[in-house]
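Chemist: Input: one structure, supplied below.
The values are calculated or read from the model by the stated rules, or taken from the named source; none is laboratory data. Just so it is clear, the structure is predicted and the values come from calculations on it, not from any experiment. Please note: Cβ atoms are built from the backbone with ideal geometry, for glycine as well, and neighbour counts cover all protein chains shown. Each accessible area value is taken on the protein alone, full model and side chains, heavy atoms only, with ligands, DNA and RNA left out. Shrake-Rupley method; radii C 1.70, N 1.55, O 1.52, S 1.80 Å.
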Amino acid sequence: KIGLDTGHKAINPVNGEEIPIYVANFVLMEYGTGAIMSVPAHDQRDFEFATEYELAIKQVITPADADPSDAPLEKAFEDYGIMMNSDKYTGQKSSEARIAIAKDLEARGLGKRVINYKLRDWGISRQRYWGTPIPMIYCDSCGVIPVPEDQLPVLLPEDIKLTSTGDSPLKDASFTDTTCPKCGGKARRETDTMDTFVDSSWYFLRFCMEKEMEKGDVDLTSDDSKAKISRWMPVDQYIGGVEHAVLHLLYSRFFTRVLRDLGLTEASEPFTNLLTQGMVTKETYKCPTDGWVLPEEVDGGACTICGDKVTIGRIEKMSKSKKNVIDPDKLINRYGADTARLFSLFAAPPERDLEWSDSGVEGTFKFLNKLWNIVMDCKEYIEGQPSCYPGSRRGFVSPENIPDNSLTRKMHQTIKKVTTDIDRDFHFNTAIAAMMEMLNELSSYRNEHIHSPREDINYKEVWGPGRYAIETLIVLLSPFSPHISEELWEIIGNEHGLINIKWPGWDEDKAAEDEIELVVQINGKVRDKTTVAAGLSDDEIKQKALALDKIVAATDGKEIRKTFVIKGRLVNIVI
């Protein structure tokens, strides 16, 4: 830190004290006036400067859990705390005192509070064909002239030739050659285009007008367009990557408010709800000779390029620079696109980072294979049963008329779990886990009724629920793994594609358990478990819990102060 003492003093408007004025090399020109109030006790840069030039360091904030002390600070205290050495503000929380001080200065006419928005300029020019043309014209006589409003928008030509030279195809004379709107002389168009953030900051408004989009004729100023925008905006749900959480969303809000101020929309905010996705991460590999290497370039801890030992680095977001990436083509060629999709959705909740796992990919691949094998195994038994979904060659039967059994109950529970996890939380991972549980139930059902058949089995009663369970599981899986789902759907005799099938509903009564596991605690520690009928009242559940042998023995001679029943599944006895 370098500074120059000007020899002048400034007056602190709060307490009237004189403060030396220095010119320093670390004050930002663009910050306020370029003159700042230095607070060496509570800003590390100021602390270092004051230490260098032996200036007074006066502490005015102390940690909330510490007693005020006049001992010299070893470094700046930069957190919130309690005011000290601050006259009438001493003892106040610093978060509250800063507001009180600002109000006092406003009341005395010495300043006012403002909010600074850090909306930075962003370069929008790039040499790409697929960006929006920048509407500027260059004339040797008139200079740079904007394209007249009645000639907007400037459209991309559709007859260009893409080259491999790296030059913009828009440099073709058929696009660039034009006339100057000011003097009528020869001129040329700008060949750079706008960055895609310009489009992504307002494209959602254009999607409000489907028919106009099809015609390529969108007029945001028309009353009809404004009415449609008012109907659809703001967007109900926005999903974006964590790297877009600041800039893209900030500029979308900025564009929306500009368009609002221009009278083109009534919406002040573009989106109502936001889901920010996590990053895909993987461990990194570094060779002392070849630097970062791809996962497939590592074999047995050695670099396959030079043979040197590879260092396994920390888990970081996938990036081309560090080569900790997975080639999707290789993944799809080995496992199929359905496995890749399913693993990506199953590995983690969408808001958290996803750590890539080869064993996890293998696990989802086995799940899809297990489903395929079970369907093939049960095919001859379910082919004769009518479908619970319209469009089957075997006829139609309403799900309400399917005989109830344990498989039917599990199916209704799975429909409820998958639907609510998708609709409410976007927790695709738990939805997929529920389908895996359902498949295990279906596997047990298959083993009981096929691999160990009994002569007294009524196959209509057995495989009516079986077909319903298989069909519904395929429907629930279709958004996650569409290709195998469509294939299985057709194999079991359905003619209409899954895209035409209505999402299944569930029956709360049929989803209800006949029995539940009851956990019994004493003073918060689990002492016993038992199975009781579902739907019992709290008093009945208490009686069942207190009658258990282990509970009777543990409470013998003790005073039971309270007994809590929690969600009908847990009893906590306080003794």
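Chemist: Going by the structure shown, is residue 97 surrounded by 14 or more Cβ atoms within 10 Å (Cβ to Cβ), over 34 Å from the mean Cα position of the chain (by Cα) and free of Cβ contacts under 8 Å to residues at least 24 places away in the same chain?
Modeler: Yes; evaluated as a whole, the condition is true for this residue.
Chemist: Here's another thing I want to ask about it. Restricting to the range 276-295, count the residues that are closer than 28 Å to residue 341 by Cβ and open to solvent by less than 20 Å² (accessible area, probe 1.4 Å).
Modeler: Of the residues in that region, 4 qualify.
Chemist: Let me ask you something else. Working carefully through the options 140, 159, 121, find the one that is closer than 27 Å to residue 252 by Cβ and exposed (fewer than 12 other Cβ atoms within 10 Å of the Cβ).
Modeler: Result: 121 is the single residue among 140, 159, 121 that is closer than 27 Å to residue 252 by Cβ and exposed (fewer than 12 other Cβ atoms within 10 Å of the Cβ).
Chemist: Among the residues of the range 303-329, how many are part of a helix (DSSP H, G or I) and either touching a helix residue (DSSP H, G or I) at 6+ places or on another chain (Cβ under 8 Å) or β-branched (Val, Ile, Thr) (or both)?
Modeler: 1
Residue-by-condition table, conditions (1) over 24 Å from residue 354 (Cα atoms); (2) touching a Cys at 6+ places or on another chain (Cβ under 9 Å); (3) open to solvent by 20 Å² or more (accessible area, probe 1.4 Å):
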residue: 235; (1), (2), (3): yes, no, yes
residue: 239; (1), (2), (3): no, no, yes
residue: 257; (1), (2), (3): yes, no, yes
residue: 270; (1), (2), (3): yes, no, no
residue: 274; (1), (2), (3): no, no, yes
residue: 307; (1), (2), (3): yes, no, yes
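Chemist: Out of the residues in the range 162-186 meeting the condition of being within 39 Å of the chain's Cα centre (by Cα) and not small (Gly, Ala, Ser), tell me which one is surrounded by the most Cβ atoms within 10 Å (Cβ to Cβ).
Modeler: It comes out as 170.
Chemist: Pick out the one residue from 531, 563 that is among the polar types (S, T, N, Q), open to solvent by 40 Å² or more (accessible area, probe 1.4 Å) and not in a loop (DSSP other than H, G, I, E, B).
Modeler: 531
Chemist: Considering only the range 262-302, how many residues are under 30 Å from residue 200 (Cα atoms), of a type in the set (Val, Ile, Thr) and in a loop (DSSP other than H, G, I, E, B)?
Modeler: So the answer is 1.
Chemist: Another question, then. I'd like to verify a number: residues in the range 355-390 that are more than 13 Å from residue 467 (Cα to Cα) and either surrounded by fewer than 15 Cβ atoms within 10 Å (Cβ to Cβ) or out of contact with any helix residue (DSSP H, G or I) (no Cβ under 7 Å at 6 or more places or on another chain) (or both), how many?
Modeler: 12
Chemist: On to the next question. Given the criterion farther than 22 Å from residue 3 by Cβ, assigned to a loop (DSSP other than H, G, I, E, B) and open to solvent by less than 100 Å² (accessible area, probe 1.4 Å), identify the matching residue among 71, 41.
Modeler: Being farther than 22 Å from residue 3 by Cβ, assigned to a loop (DSSP other than H, G, I, E, B) and open to solvent by less than 100 Å² (accessible area, probe 1.4 Å) holds for just one of 71, 41, which is 71.
Chemist: A follow-up question, please. If residue 547 meets every condition in (1) under 28 Å from residue 415 (Cα atoms); (2) out of contact with any helix residue (DSSP H, G or I) (no Cβ under 6 Å at 6 or more places or on another chain) apart from one, which number is that one?
Modeler: So the condition that residue 547 fails would be (1).
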